[in-house]
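See structure below.
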Amino acid sequence: MSEAAKKDLRSMNLDDMTALLKELGQPAFRAKQLFGWVHEKQVQRIDEMHNLGKALIAKLEETCEIVPFALERKQVSKDGTEKFLFKLQDGNYIECVLMRYRGDMSKQRNTLCISSQVGCAMGCTFCATGQGGFVRNMSAGEIVSQVYEVNHQLAEEGDTLPVGNIVLMGMGEPLLNLDNVLKAVALLNDPQGQQIGIRRMTLSTCGVVPQMKTLADKKLDMVLAVSLHAPNDALRSSVMPVNNRYPLAELMEGCRYYQKQTKNRISFEYALIAGFNDQPEHVQQLKTLLKGLDCHLNIIPVNPVANTAQFSRPDRKQVAAFVKALQNAGLNASVREEKGTDIDGACGQLRGKVIKEQ
Ligand code: SAH
Ligand code: SF4
């Protein structure tokens, strides 16, 4: 069997492994052992799976692989946020960002912001990933590998807390790679794997309404974050081409449907851009738009990205005033704690840099 045709173990769930081992003439209990090595212990090589026996290890090495997922670069921010650039088997790069929340023991957590696609087809004009265009979907194995490899890094650094929260807010539009994303979510949630609660996972979308409804129908307890960024269609379409396809009325209908199906509060992301979407009339438009929806607005001062000089970040005072005005209008709103801005914290920025350097 050629290298390219080897099966990717990290993309396999228990059913896939049961079928694989049956094909290899192995007893069923081996599937659970294999699953534990791959998804709980997160081994990086097949020959680490001691209790499978030499013969099976040799067979697995012949037919399967743990796809290499190489750490290419790591940047550490002053606030402890770390950004990882990984090189995939085919030479593409993806990024993820680790945010450490400390303080009270009970509140300590390591949250990983992960990618779901190499690049993105949605073309939002303020986004570094969007500027680079779409390359390909990531496999379920590549999606979970971000968590497993960062866990290895954490262990090396002596951090005993593995990744316990996931935000699908890295590169790519997760709803356009929904099958692989949902498989990865199930693998990360598996009681025999990392056991990360679905409630500890957030999926962020730019608003692909039909797939929002598909996700809603799964009735998962996942937090949905919607990238809103503008309070009316004219402004939103000017920076987010997806709005031409699914304008605000449809997006809001999709949000209401998600809420009806899951009973979950929805988070809206709103990148605040000076002079663009931060005016008093925008507060009123947001109030009308979000009426009746149980939601929270995360206000994020826009991250400056190369070639987007037109998007300037409002100063601290302006941000605070906008949030206050939203609150006075009866909306749940807060400023999103900024992390890692000194290390190109906005997703897609580090990859963009490395590609340019080559
Ligand atoms: N494609 C999905 C998820 C990945 S983007 C989505 O768009 O929701 C993650 C978040 O970062 C989104 O809310 C996106 O709009 C935001 N973002 C992208 N570029 C940004 C920038 N320059 N400043 C602030 N937020 C940005
Ligand atoms: Fe894609 Fe999200 Fe960036 Fe838009 S903001 S281009 S949807 S990754």
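The values are calculated or read from the model by the stated rules, or taken from the named source; none is laboratory data. Here the structure is a predicted model, which is why all the values come from computation and not from measurement. Heads up, the Cβs are rebuilt from the backbone with ideal geometry, glycines too, and the neighbour counts pull from every protein chain shown. These area figures cover heavy atoms from the full protein model, side chains too; ligands, DNA and RNA do not enter into them. Shrake-Rupley method; radii C 1.70, N 1.55, O 1.52, S 1.80 Å.
Could you tell me whether the stretch 191-206 includes any residue that is of a type in the set (S, T, Y), away from ligand 2 (no atom under 12 Å from the Cβ), open to solvent by 50 Å² or more (accessible area, probe 1.4 Å) and not in a loop (DSSP other than H, G, I, E, B)? No; the residues of the stretch 191-206 include none that is of a type in the set (S, T, Y), away from ligand 2 (no atom under 12 Å from the Cβ), open to solvent by 50 Å² or more (accessible area, probe 1.4 Å) and not in a loop (DSSP other than H, G, I, E, B). Looking across the stretch 215-259, the residues that are within 20 Å of the chain's Cα centre (by Cα) and open to solvent by 60 Å² or more (accessible area, probe 1.4 Å) come down to K218, K219.
Residues are listed down the side, and each one gets a yes or a no for (1) outside the structural domain of D179 (by TED's automatic domain parsing); (2) under 19 Å from N298 (Cβ atoms); (3) touching a Lys or Arg at 6+ places or on another chain (Cβ under 8 Å); (4) part of a strand (DSSP E or B):
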| site | (1), (2), (3), (4) |
| --- | --- |
| K219 | no, no, no, no |
| A230 | no, yes, yes, no |
| L235 | no, yes, no, no |
| G254 | no, yes, yes, no |
| Y257 | no, no, yes, no |
| Q261 | no, no, yes, no |
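Selection over the stretch 80-125 of residues that are open to solvent by 40 Å² or more (accessible area, probe 1.4 Å) and out of contact with any helix residue (DSSP H, G or I) (no Cβ under 8 Å at 6 or more places or on another chain) gives a count of 12.
Conditions (1) modelled with pLDDT of 95 or more; (2) assigned by TED's automatic domain parsing to the domain that holds A186; (3) exposed (fewer than 12 other Cβ atoms within 10 Å of the Cβ), marked per residue:
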site	(1), (2), (3)
D8	yes, no, no
N13	yes, no, no
D16	yes, no, no
E23	yes, no, yes
A28	no, no, yes
A31	yes, no, no
V38	yes, no, no
I46	yes, no, no
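Scanning the stretch 56-64 turns up no residue that is open to solvent by 70 Å² or more (accessible area, probe 1.4 Å) and polar (S, T, N, Q). When every residue of the stretch 126-141 is checked against the conditions, none turns out to be open to solvent by 20 Å² or more (accessible area, probe 1.4 Å), over 25 Å from H229 (Cβ atoms), touching a Leu at 6+ places or on another chain (Cβ under 8 Å) and in contact (Cβ under 8 Å) with a residue 24 or more places away in the chain.
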